[in-house]
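**Q** A single structure is presented below for examination.
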Amino acid sequence: MKKLAILLFVVLMATSAYADQALVEKAKGEGKAAFYANITAIEPIMEAFTNEYGVKGEYTRISTSKFLATVLTEFQAGKLLADVLQSPLPIMELLKEKGVLASYRSPAAASYPAWTRKDDKIQIFGIEYVALIYNKELVKAKDAPKRYEDLTNPKWKGKIVMANPSAHATTISWLIGLKENVFPSEKAWMDFVKGLAANKPMFVRSFGPTPAPVESGEKLIAISMPKYIITKAPAPLDWARVEQPLLGTPRGIAITASASHPNAAKLFVDYWLSKDAMQMLADKVGEYVLHPGVYPPIDGIDKAKVLPIRELSDDEIRYWGSEFKKIFDAP
Amino acid sequence: MFSTRTALTPSLIVIVGFLTVCPVVMLVLGSFSEGIGAFGKFTLEKYIQSYTDPAFAGIIVNTVIFTIGSGFVATLLALFLAYLNTRTNIPFKFLFRIISIIPMMIPHILFSVSWVLLLNPSNGMINLLLKQIFNLENSPFNIYTLGGMILVEGLLDLPIAYLILAPAMAAFDVSLEESSKVSGASNLRTLTRVTLPVLRPAILASFILVIVRSLASFAVPSIIGMPGRIYVLATHIYRIIATGFAADYGMAAAVGMSALAASIALIYLYRYLTSESEKYVTISSRGYRPSLIELKKAKYPLFAIVGLLSFVLIVLPVLVLFYTSLVPYSMVPDARAFSMMNWKHWLDVLKDPISLLSLKNSVFLGIVGATLGVILSIFVSYVIVKVRTRAAGLLESISFLSFSFPGIVIGVGFMWFFVRTPLYATIWSLLIGYIATYLPYGIRPLTSAFIQIHSHLEESSRVCGGGTLYTLRRIVIPLLIPGVVSGWILMATMFVRELTLSVVLSRPGTEVLAVQILRFAEDGLWGKLSALGIMMICISTIIVVIASLIGMKMTRVQETD
């Protein structure tokens, strides 16, 4: 069985490599692929792409809160400079609705789980996973939370840092994800949220500023992302191995309908989804990717169950944002 | 000659209007449109929704306290420093000037973060130290309060206040103070009864500019206010943008309109309060040379106070930055932290081609942008102060338009505008955006300098046959040099560290320093952030030193003429 799988894989690779050649030639003629995304330190991947195919990979980083506004503004003015877009799935869906995305099914995604391509426009390739990140010098592994509910233990009072749950969309989605995927009942979940609020976590703007207070010991534990264990090494960070699954917002990639370098765009998406590129993303940036068998080099992550959070509408996020504001601001 | 003068006002209104009105118009359109773009079906929904929010009243109260408090801190400190520096014989003056300008060069995120490292209630360094010395149970200071926000914002805006007040103090007619002393008043009484009242336009200008600036500021409210759960207008707007993936900048603009209205009201108030500008004229014709007050015995104690102040307020945070750039991650300083120090973050930044490109772009924008900006400011200030028609009032208000909009919103306004021009995604869009937004940094120091030049001087020139441009070049500009230098420094240092517009307008090839710094911040890489930040401070310092030296040289040449 295993041999058959390998054979199949080789055949698949060979055909896709053959198909590639024509695409590569056309892409070379176009010269470059412009890529809009908000993802840390992917310059090595852009460089490897440029070296591999002689087509320049050009990366423009646009922060998540400005992503939709920027892409739509350019698109509506007929000046979208991007050939390929990458962002959290809810934004990709909105872009699809507005007609910004083109159809493309990359052969490189053949090995990805079926749920990663619900339609022929967006390919999901990773999950922005969230976990409890603690200072391993100040907290012993055995004292770290074993379940999410442990965060409500009064021993964590004044020791938690998290992104503002009344405003930060990803954190709001994460809390809703817990309700729908982890907690047995709405009441158990609400008890958790209220218990967390009672421990008076310190709020910061987004995930970016969450690890620093934990590294320095200002706080002990953060609702944050395990990727910081890689990007902030040698900081004394570790993730709490909770029994329950980890959750995160899926990340999607697609090519644009107005791409001025359509073949280079396809070539870039193929390369992005390849094992090589995904391995780089996992190794260098600590991202959780969906290419089978590729994991970030974080101890124990390969055994963790990581689930995608359902897409929430903005109305839902705003509603829960104001609910969380009431709960967390309560004296 | 007269025709040049009348043509000046309308043409300036056209130029400045083009620069500042276009993005604001786009934002006004966006705030009345359905959906999330600049154009859509007309709706009032965004205004109704944002202004009926029950939390809004509390946010306004916080915002008023925060901005007025910052205005007081910055202006009082600047008055103290500028007076000692320009009017007394306190030692090491050159050092003072640099120290009071340094906060202008530090990215605001970095400055706020270093204060958090110093004063957070859990393990802030100053708190830990005081707890140890006095054997305290609890931390004596908590930065995450309105007081903490006012302190840090006040310090960040100190250079604005200083660079407006210092030139006005330098251009002071000695005869006024001499008359006061001849009539038997003490130094202190002269200061409070003569010097300060005469400086009223400059003091008000500084106070108002700091209020407007802190209204638009985002770094301090987000880094210090949010952990303390204190919301002001800027963080409220951020909440509107960040909650949900389809960020609604139209609604953010609707909230921003109240900041705009407040700023315009302040500018008219300022014009009203300084309307009898003749009262404040101090350089009339002869005897213009500010005298120095002999501090005698107070000299060294005063210097010690200022030195200590500068150390705690400015040197310490910069040291914290330097320390952060050397340790591998955020650590409380102890023996282990010092043993782990290395230059890794510095080498990483220096090897990064984008960081180097952004360094080049920012220096270009700083020098070229400030030069063009100051030239425009000279003409605008001249009209504002010397023409004083209704049109001049209009010019003054529109020069503040983009400046008084909260930063996170105005960038999007510029994007909505530039995408309809061929300038989009070029470095020129950054240059134009910078000048348009920060025009008041050039105009304010120059107007407070213009106010003090008596029209007799210009009239004499005209009587002798000098035209408007000739009068400007030979009479007015030489007397304006301190104001020009201040304006240029404010603009250049601002442009080198500009973030809010750049983050929206910069594209591959037009990366600038602050955007690179923001990327490090978003990834939580404080070490690299600090290393690049210090490089930025060094570049700005070099620019400031060169500008000051050129300014000093020019003033000297004029004197020997």
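**Q** Of everything in region B:330-373, what is surrounded by 14 or more Cβ atoms within 10 Å (Cβ to Cβ) and charged (D, E, K, R)? Give them in sequence order.
**A** Within region B:330-373, B:Lys344, B:Asp348, B:Asp352 qualify.
**Q** Of all residues in region B:390-422 being within 14 Å of chain A (Cβ to nearest Cβ) and among the small types (Gly, Ala, Ser), which is farthest from B:Ser11 (Cα to Cα)?
**A** The residue in question is B:Gly407.
**Q** I'd like to verify a number: residues in region A:277-313 that are outside any loop (DSSP other than H, G, I, E, B) and touching a residue at least 60 places away in the same chain (Cβ under 8 Å), how many?
**A** Our first condition is that a residue be outside any loop (DSSP other than H, G, I, E, B); within region A:277-313, this holds for A:277-285, A:288-289, A:301-303, A:306-308.
Filter again for touching a residue at least 60 places away in the same chain (Cβ under 8 Å), leaving A:277-278, A:280-281, A:284-285, A:288-289, A:301, A:306-308.
Residues flagged as outside any loop (DSSP other than H, G, I, E, B) and touching a residue at least 60 places away in the same chain (Cβ under 8 Å) within region A:277-313 amount to 12.
**Q** Quick one: in region B:522-541, which of the residues that are surrounded by 24 or more Cβ atoms within 10 Å (Cβ to Cβ), closer than 21 Å to B:Pro103 by Cβ and of a type in the set (A, V, I, L, M, F, W, C) is modelled with the lowest pLDDT?
**A** Only one residue tops the list, namely B:Trp526.
**Q** A follow-up question, please. Return the total of residues in region A:222-259 being within 11 Å of chain B (Cβ to nearest Cβ), outside any helix (DSSP H, G or I) and not charged (D, E, K, R).
**A** 9
**Q** Can I ask one more? For region B:34-45, does any single residue satisfy the condition of being part of a helix (DSSP H, G or I) and crowded, with 16+ Cβ neighbours inside 10 Å?
**A** Taking region B:34-45 as the starting set, the residues that turn out to be part of a helix (DSSP H, G or I) are B:45.
If we keep only those that are crowded, with 16+ Cβ neighbours inside 10 Å too, we end up with none.
Checked region B:34-45: no residue is part of a helix (DSSP H, G or I) and crowded, with 16+ Cβ neighbours inside 10 Å.
**Q** Looking at the structure I just gave you, is B:Ile230 under 20 Å from A:Phe328 (Cα atoms) and of a type in the set (A, V, I, L, M)? Can you show your working first?
**A** Working: under 20 Å from A:Phe328 (Cα atoms): yes; of a type in the set (A, V, I, L, M): yes.
Answer is yes for this residue.
**Q** Enumerate the pairs (first residue in region B:50-79 and at positive phi; second residue anywhere and surrounded by fewer than 15 Cβ atoms within 10 Å (Cβ to Cβ)) with beta-carbon separation below 6 Å, excluding pairs fewer than 6 apart on the same chain, so at least 6 apart or on different chains.
**A** Between residues of region B:50-79 that are at positive phi and residues that are surrounded by fewer than 15 Cβ atoms within 10 Å (Cβ to Cβ), there is no close pair.
**Q** Name the one entry in A:Ala34, A:Ala48, A:Ala131 that is assigned to a strand (DSSP E or B) and more than 13 Å from chain B (Cβ to nearest Cβ).
**A** Numbers: A:Ala34 fails: more than 13 Å from chain B (Cβ to nearest Cβ); A:Ala48 fails: assigned to a strand (DSSP E or B).
Step by step, each of A:Ala34, A:Ala48, A:Ala131 is checked, and only A:Ala131 is assigned to a strand (DSSP E or B) and more than 13 Å from chain B (Cβ to nearest Cβ).
**Q** Within the bounds of region B:360-380, is there any residue that is in a helix (DSSP H, G or I) and within 14 Å of another protein chain (Cβ to nearest Cβ)?
**A** Kept after step one, since they are in a helix (DSSP H, G or I), are these residues of region B:360-380: B:360-380.
Now drop any that are not within 14 Å of another protein chain (Cβ to nearest Cβ), which leaves none.
Checking region B:360-380: not a single residue is in a helix (DSSP H, G or I) and within 14 Å of another protein chain (Cβ to nearest Cβ).
**Q** Pull up region B:461-503, narrow it to residues that are modelled with pLDDT of 85 or more and among the hydroxyl-bearing types (Ser, Thr, Tyr), then point me to the one that is surrounded by the fewest Cβ atoms within 10 Å (Cβ to Cβ).
**A** Filtering first and then ranking leaves B:Ser502.
**Q** Tell me, which helices (runs of 4 or more DSSP H) lie completely within region B:381-484 with 2 or more residues that are within 30 Å of B:Leu518 (Cβ to Cβ)?
**A** On the way: elements: B:390-399, B:407-418, B:427-451, B:455-463, B:468-471.
Correct list: B:390-399, B:407-418, B:427-451.
**Q** State all residues of region A:308-317 that are surrounded by 18 or more Cβ atoms within 10 Å (Cβ to Cβ) and at pLDDT 90 or above; if no residue qualifies, say none.
**A** A:Pro308, A:Ile309, A:Ile317
**Q** Do you know which residues across region A:51-67 are at the interface with chain B (Cβ under 7 Å from one of its Cβ atoms) and assigned to a helix (DSSP H, G or I)?
**A** Hits for region A:51-67 are A:Ser65, A:Lys66.
**Q** Working only within region B:209-251, note down all residues that are assigned to a helix (DSSP H, G or I), polar (S, T, N, Q) and in contact with a Gly (Cβ under 9 Å, 6 or more places away or on another chain). Give the steps one after another, and end with the answer.
**A** The initial filter retains those residues of region B:209-251 that are assigned to a helix (DSSP H, G or I), namely B:209-216, B:219-225, B:233-242, B:249-251.
With the extra rule that they be polar (S, T, N, Q), the set shrinks to B:214, B:222, B:235.
Answer for region B:209-251, where residues must be assigned to a helix (DSSP H, G or I), polar (S, T, N, Q) and in contact with a Gly (Cβ under 9 Å, 6 or more places away or on another chain): B:Ser214, B:Thr235.
**Q** OK, next. Scan region A:180-194 for residues that are surrounded by fewer than 17 Cβ atoms within 10 Å (Cβ to Cβ) and under 25 Å from A:Leu220 (Cβ atoms) and report the count. Break it down into steps so the answer makes sense when it comes.
**A** If we filter region A:180-194 for residues that are surrounded by fewer than 17 Cβ atoms within 10 Å (Cβ to Cβ), which is where we start, we get A:180-181, A:184-188, A:190-191, A:194.
Pick out the ones that are also under 25 Å from A:Leu220 (Cβ atoms) and you get A:188, A:190-191, A:194.
Going through region A:180-194 one residue at a time, the tally reaches 4.
**Q** Every residue in region A:189-202 that is in contact (Cβ under 8 Å) with a residue 12 or more places away in the chain and over 21 Å from B:Tyr238 (Cα atoms), please. Before the answer, list the steps.
**A** Pass one, region A:189-202, residues in contact (Cβ under 8 Å) with a residue 12 or more places away in the chain: A:191-202.
Residues satisfying the conditions are A:Asp191, A:Phe192, A:Val193, A:Lys194, A:Gly195, A:Leu196, A:Ala197, A:Ala198, A:Asn199, A:Lys200.
**Q** Moving on to the next point. Could you check region B:441-460 and list, in sequence order, the residues that are in contact with a helix residue (DSSP H, G or I) (Cβ under 6 Å, 6 or more places away or on another chain) and either buried (at least 19 other Cβ atoms within 10 Å of the Cβ) or closer than 26 Å to B:Thr500 by Cβ (or both)? Even if it seems obvious, please write down each step before you answer.
**A** Let us first name the residues in region B:441-460 that are in contact with a helix residue (DSSP H, G or I) (Cβ under 6 Å, 6 or more places away or on another chain), namely B:441-451, B:453, B:457-458.
Passing the criteria: B:Tyr441, B:Gly442, B:Ile443, B:Arg444, B:Pro445, B:Leu446, B:Thr447, B:Ser448, B:Ala449, B:Phe450, B:Ile451, B:Ile453.
**Q** Another one. Identify the residue in region B:239-259 that is surrounded by fewer than 24 Cβ atoms within 10 Å (Cβ to Cβ) and under 24 Å from the mean Cα position of the chain (by Cα) and, among all such residues, is nearest to B:Ser112 (Cα to Cα).
**A** For region B:239-259, the residue satisfying everything is B:Ala259.
**Q** Would region A:205-221 turn up any residue that is in a strand (DSSP E or B), in the same structural domain as A:Ala169 (by TED's automatic domain parsing), in contact with a strand residue (DSSP E or B) (Cβ under 9 Å, 6 or more places away or on another chain) and modelled with pLDDT of 95 or more? Quick ask: steps written out before the conclusion?
**A** Let us first name the residues in region A:205-221 that are in a strand (DSSP E or B), namely A:221.
With in the same structural domain as A:Ala169 (by TED's automatic domain parsing) added as a condition, the list becomes A:221.
Pick out the ones that are also in contact with a strand residue (DSSP E or B) (Cβ under 9 Å, 6 or more places away or on another chain) and you get A:221.
Filter once more, keeping what is modelled with pLDDT of 95 or more: A:221.
Yes, region A:205-221 has at least one match.
**Q** Any residue in region A:214-229 that is hydrophobic (A, V, I, L, M, F, W, C) and either surrounded by fewer than 19 Cβ atoms within 10 Å (Cβ to Cβ) or at positive phi (or both)?
**A** First pass over region A:214-229, keeping only residues hydrophobic (A, V, I, L, M, F, W, C): A:214, A:220-223, A:225, A:229.
Those still in the list that are either surrounded by fewer than 19 Cβ atoms within 10 Å (Cβ to Cβ) or at positive phi (or both) too: none.
Looking through region A:214-229, none of the residues is hydrophobic (A, V, I, L, M, F, W, C) and either surrounded by fewer than 19 Cβ atoms within 10 Å (Cβ to Cβ) or at positive phi (or both).
**Q** If you go through region B:185-205 one residue at a time, do you hit one that is of a type in the set (Gly, Ala, Ser), within 14 Å of chain A (Cβ to nearest Cβ) and crowded, with 23+ Cβ neighbours inside 10 Å?
**A** At the first step, the residues of region B:185-205 found to be of a type in the set (Gly, Ala, Ser) are B:185-186, B:202, B:205.
Remaining after also requiring within 14 Å of chain A (Cβ to nearest Cβ): none.
No, region B:185-205 has no match at all.
Yes/no per residue for (1) free of Cβ contacts under 8 Å to residues at least 24 places away in the same chain; (2) closer than 27 Å to B:Ala246 by Cβ:
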site: A:Thr152; (1), (2): no, no
site: A:Lys155; (1), (2): yes, no
site: A:Ser173; (1), (2): no, yes
site: A:Pro184; (1), (2): yes, no
site: A:Val204; (1), (2): no, yes
site: A:Pro211; (1), (2): no, no
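**Q** Within region B:482-518, can you find the residues that are hydrophobic (A, V, I, L, M, F, W, C) and away from chain A (no Cβ under 14 Å)? Working first, answer last.
**A** The first filter runs over region B:482-518 and keeps only residues hydrophobic (A, V, I, L, M, F, W, C), leaving B:484-485, B:488-492, B:494-496, B:499, B:501, B:503-505, B:512-515, B:517-518.
Scanning region B:482-518 gives B:Val484, B:Val485, B:Trp488, B:Ile489, B:Leu490, B:Met491, B:Ala492, B:Met494, B:Phe495, B:Val496, B:Leu513.
**Q** Among the residues in region B:359-380, are any more than 30 Å from B:Val16 (Cβ to Cβ) and modelled with pLDDT of 85 or more?
**A** Keep residues of region B:359-380 that are more than 30 Å from B:Val16 (Cβ to Cβ), which gives B:359.
Now restrict to residues that are modelled with pLDDT of 85 or more: B:359.
Checking region B:359-380: at least one residue is more than 30 Å from B:Val16 (Cβ to Cβ) and modelled with pLDDT of 85 or more.
**Q** Give all pairs with beta carbons closer than 7 Å in which a residue from region B:520-548 that is free of Cβ contacts under 8 Å to residues at least 60 places away in the same chain and within 14 Å of chain A (Cβ to nearest Cβ) meets a residue that is assigned to a helix (DSSP H, G or I) and basic (Lys, Arg); count only pairs at least 6 apart in sequence or on separate chains.
**A** B:Phe520/B:Lys528
**Q** Do we have A:Leu85 as assigned to a strand (DSSP E or B) and either at the interface with chain B (Cβ under 7 Å from one of its Cβ atoms) or of a type in the set (A, V, I, L, M) (or both) here?
**A** yes
**Q** Checking A:Ser173 against (1) modelled with pLDDT of 95 or more; (2) within 23 Å of A:Ile301 (Cβ to Cβ), which single condition isn't satisfied?
**A** A:Ser173 satisfies every listed condition except (1).
**Q** Is region A:88-95 home to any residue that is within 23 Å of A:Met225 (Cα to Cα), touching a Phe, Trp or Tyr at 6+ places or on another chain (Cβ under 6 Å), within 14 Å of chain B (Cβ to nearest Cβ) and outside any helix (DSSP H, G or I)? Step through it out loud before you land on a result.
**A** First, pick out the residues of region A:88-95 that are within 23 Å of A:Met225 (Cα to Cα): A:88-92.
Subsequent filtering for residues that are touching a Phe, Trp or Tyr at 6+ places or on another chain (Cβ under 6 Å) retains A:90-91.
Still in the running and within 14 Å of chain B (Cβ to nearest Cβ): A:90-91.
Among the residues that remain, those that are also outside any helix (DSSP H, G or I) are: none.
No, region A:88-95 has no match at all.
The values are calculated or read from the model by the stated rules, or taken from the named source; none is laboratory data. Keep in mind it's a predicted model, so treat the numbers as computed, not measured. All Cβ positions, even for glycine, are placed from backbone atoms using ideal geometry, and neighbour counts span all protein chains on display.
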